[in-house]
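What follows is calculated from the coordinates using simple rules that are stated; it is not laboratory data. Keep in mind it's a predicted model, so treat the numbers as computed, not measured. No Cβ is skipped: glycine too gets one built from the backbone with ideal geometry, and neighbour counts run over all protein chains shown.
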Amino acid sequence: MPATRGIGYPWRVPDFCARRELLPVLGLGVSTEYGASLAAGALDPAALRRARPDFGGFLEVGVEIAKGLDAPATAWASAGWPTTYHFLDINLDEPEDLEREWLAGVRACIATLKPAWLCGDAGLWHFGGRDRGQMLLLPPVLIAESVAPMAEGIRALREATGLEVLPENPPGSAFVGDLHLLEFFARVAEAADTGLLLDCAHLAMYQRLQGHAPLDGLDDFPWDRVIELHVAGGRERSDGGFHWIEDEHGVELLPDTWAIARLALQRASQLRAVVVECERNPLPAVLPLFERVAAALPARLRPVPGDSQPGGAQA
Amino acid sequence: MNPRAIQQAIVRMMIDPAFVAAVHGRRPVPGLAEDERALLRAVDRRAFTTDRFRRARAVQALVEEYPVSAAAIGLTAVDSFLSAPEFAACITGRGSMALAFGTWLKDQASGIGVIEAAMARLRRSPIPEASPGALICGPRFAPLIVPDGTLAWYEATRAWLGDHALQRIAEDGQRPGLPRRGLTRRQGEEFILLEARADGGMDLGTASEALVRLLRFAAQPRSRRALEAEAVTRGAEPHEAAEVLDDLLAGGLLLAI
């Protein structure tokens with residue numbers, strides 16, 4: 001078995017190819033964050049699961065430690081239903097961000113949620129320190145020098161939590177750097193020896209902004225590291241002659257996003273989970289999108305909720 | 001290239017149009033090497049300002065923490081902080097925007113700024129580092145000295161602002177009449193004790209000059225003997241000093257660290 005020595009580990013750590021066999025298949029799921037499902041007209045994840053268990057296979061819980069977990073997320077976890085933990089407040093490339101108090105909060109949320117893994121946009125979640133009024137989300141600077149600090153942060157968080165940490169390509173309207181986004185994340189995954197979360201809508205934004213075709217760069221992407229996909233609707237925006245895509249999490253997929261998602265579903269041989277991000281839309285409005293995505297899922301990604309098994313085996 | 005320096009510059013470009021102009025200008029930009037700057041210049045500058053309300057949200061966050069100071073100095077002045085070196089230092093130094101704003105305020109909002117900056121510090125009060133045998137002012141308390149009339153102006157302005165401070169200031173502008181320090185240092189001072197409650201709220205009230213000065217002396221870790229001597233200097237009888245300190249410890253106004 002290939003092996004590597006992790007940062008701070010006194011023992012040899014299996015490489016990601018071995019570790020991913022322990023990751024459960026979660027199938028198709030939905031995302032939320034603090035208070036999202038409590039807003040008027042928003043999606044109630046539990047209602048989705050009751051109505052369509054095959055669409056609400058798991059809940060991806062967006063967590064900002066300063067806010068904690070809301071009641072619907074806690075209730076979902078209390079029911080023993082599967083979750084993943086999506087961080088919303090860690091600059092992975094800043095070692096100082098792994099503050100003791102923050103980590104204690106993360107561990108407490110993990111104890112409640114029992115997530116299959118951690119994941120989240122590998123970008124800038126706050127400027128300055130982690131404080132009120134300083135939260136945002138920007139993509140990483142896409143240069144070779146950014147890779148090692150990001151990879152170190154992923155390893156450190158993995159070591160601190162004992163869970164896999166899947167970096168996600170963030171959204172943005174300004175991407176700075178000379179590396180293609182996909183090459184950057186391929187390098188990060190290699191350096192951190194980790195899996196990846198590919199957000200198809202975010203990638204579509206990047207490709208459009210950079211003047212690339214939707215599928216540019218995907219031939220060389222390390223598909224065997226892709227564990228999770230995100231699919232969401234976006235909105236084309238224009239201001240003063242500048243055009244970009246807003247990460248709206250609506251129910252209408254842009255054709256670019258769907259083209260990327262279809263290719264990813266075909267090529268990501270180790271895929272465990274697909275999230276449809278649509279948390280601020282009512283249940284009837286989101287069902288057609290879930291049906292569309294579900295129809296494109298490979299058969300091995302259609303588990304019966306509650307029967308998910310490590311390594312992709314189905315009960 | 002230093003990715004963190006570039007990332008911090010991106011944040012400034014998204015908030016401060018003047019900094020965008022500087023990046024695209026002819027003069028060197030402190031903290032940015034030319035190759036780093038070239039990467040930023042390679043991106044359409046309009047890409048950094050797609051979120052038109054980012055700066056306004058930052059102003060809103062500041063007004064939420066400093067509502068009465070904002071009423072005293074006006075929104076244009078609050079907004080100008082986001083182009084100030086103190087804000088840039090907050091970004092590059094992992095700082096707190098609210099604390100940096102308090103530093104930037106200096107005397108612009110007189111004693112009101114002193115009070116609200118102290119509130120901002122108490123909301124973020126770190127646990128004091130251990131120093132065996134030492135006593136320090138309790139982390140839930142801030143002893144303040146402000147110009148006479150500050151507390152009354154603060155309370156009146158809070159009432160004037162109501163529940164929508166930003167809207168009130170935007171509609172009505174600055175509120176005049178801010179008390180300022182007199183010509184002599186001791187002219188008309190007010191001694192205030194600020195306490196952060198467990199529920200996140202703040203209690204503000206006048207206190208004796210002796211207590212405020214004793215607690216300010218305890219802003220740094222002090223030996224019990226030094227604090228007893230300070231209590232005597234501030235008017236306590238020598239035989240009472242130990243009891244005074246015990247009472248302050250029992251009330252959380254002093255903390256053994």
Toward the positive end of the charge dipole of the protein assembly as shown, about the Cα centre and with charges on Cβ (Lys, Arg +1; Asp, Glu -1), which of A:HIS86, B:GLY200, B:TYR154 goes farthest? B:TYR154
Per-residue HN-Hα couplings for the stretch A:70-82, Karplus 6.51 cos²θ - 1.76 cosθ + 1.60 at θ = phi - 60°, whole Hz, x for Gly and Pro? 8, 4, x, 5, 5, 5, 4, 5, 5, 6, x, 7, x
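Mind sorting A:TYR206, B:TYR66 by how few other Cβ atoms lie within 10 Å of their own Cβ, fewest first?
Listing A:TYR206, B:TYR66 from fewest to most nearby Cβ atoms yields A:TYR206, B:TYR66.
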Sorting A:VAL25, A:LEU283, A:SER269 by the position of each Cα along the dipole of chain A (Lys, Arg +1; Asp, Glu -1; all at Cβ), the one nearest the positive end of that ordering is A:VAL25
Per-residue average of other protein chain Cβ atoms inside 10 Å, peptide A:237-246 -> 3
Please work out the C-alpha center-to-center distance from the stretch A:51-101 to the stretch B:1-21 and express it in whole Å. 30
Would you please give the residues with an amide H less than 5 Å from that of B:ARG140, counting only those at least 5 places away or on a separate chain, with H modeled from the backbone geometry? none
Note on the stretch A:25-299: the mean projected area of its alpha-carbon convex hull, in nm², is 13.7
Where both residues lie in chain A, what percent of DSSP beta bridges are antiparallel, nearest 5? 30
Where does the protein assembly as shown land at 222 nm, in deg cm²/dmol rounded to the nearest 500, when only DSSP H runs of n ≥ 4 count, each adding -39500 (n - 2.57), divided by all residues? -12000 deg cm²/dmol
Give me the Debye-computed log₁₀ of I(q)/I(0) at q = 0.06, 0.07, 0.08, 0.10 Å⁻¹ for the protein assembly as shown, equal point scatterers on Cα only, no solvent, two decimals. -0.38, -0.51, -0.65, -0.94
Where the eigenvalues come from the Cα gyration tensor of the stretch B:3-49, what are the semi-axes √(5λ) of the equivalent ellipsoid, largest first, in whole Å? 14, 12, 10
For the stretch B:210-252, with the dipole built from +1 on Lys and Arg beta-carbon atoms and -1 on Asp and Glu ones, taken about the Cα centre, which of B:ALA219, B:GLY235, B:LEU245 lies farthest toward the positive end? B:ALA219
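Enumerate by residue number the trypsin sites (Lys or Arg not before Pro) in the stretch B:28-63 meeting two conditions: DSSP loop (anything except H, G, I, E, B), and at most 16 other Cβ atoms within 10 Å of the site's Cβ.
Details: sites: B:ARG37, B:ARG41, B:ARG45, B:ARG46, B:ARG52, B:ARG54, B:ARG55, B:ARG57; in loops: B:ARG52.
The qualifying sites are B:ARG52.
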Can you list residues whose amide H is under 5 Å from A:VAL226's amide H, if they're 5+ apart or on another chain and H is modeled 1.01 Å from N? A:LEU196, A:GLN270
Share antiparallel - DSSP beta bridges, the protein assembly as shown, percent rounded to 5: 50
Test of understanding: express the Cα radius of gyration of the stretch A:61-128 as a ratio to 2.2 N^0.38 Å, with N the residue count. 1.10
So what are the ³J(HN,Hα) numbers for the stretch A:160-173, from phi and the Karplus equation (6.51, -1.76, 1.60; θ = phi - 60°), rounded to whole Hz, Gly and Pro as x? 6, 10, x, 10, 4, 10, 9, x, 10, 6, x, x, x, 10
For the Cα atoms of chain B, what angle does the longest principal axis make with the long axis of helix B:150-161, in degrees from 0 to 90, nearest 10? 50
The set of residues whose placed amide H lies less than 5 Å from the amide H of A:GLU33, leaving out same-chain residues fewer than 5 positions away, is A:GLY62
Once phi is turned into ³J(HN,Hα) by the Karplus curve 6.51 cos²θ - 1.76 cosθ + 1.60 with θ = phi - 60°, what whole-Hz value does each residue of the stretch B:77-94 show in order, with x for glycine and proline? 5, 4, 4, 5, 4, 6, 10, 8, x, 5, 6, 4, 5, 4, 5, 7, x, 6
Local electrostatic count at B:ARG54 - Lys and Arg +1, Asp and Glu -1, tallied over other residues with Cβ under 13 Å: +1
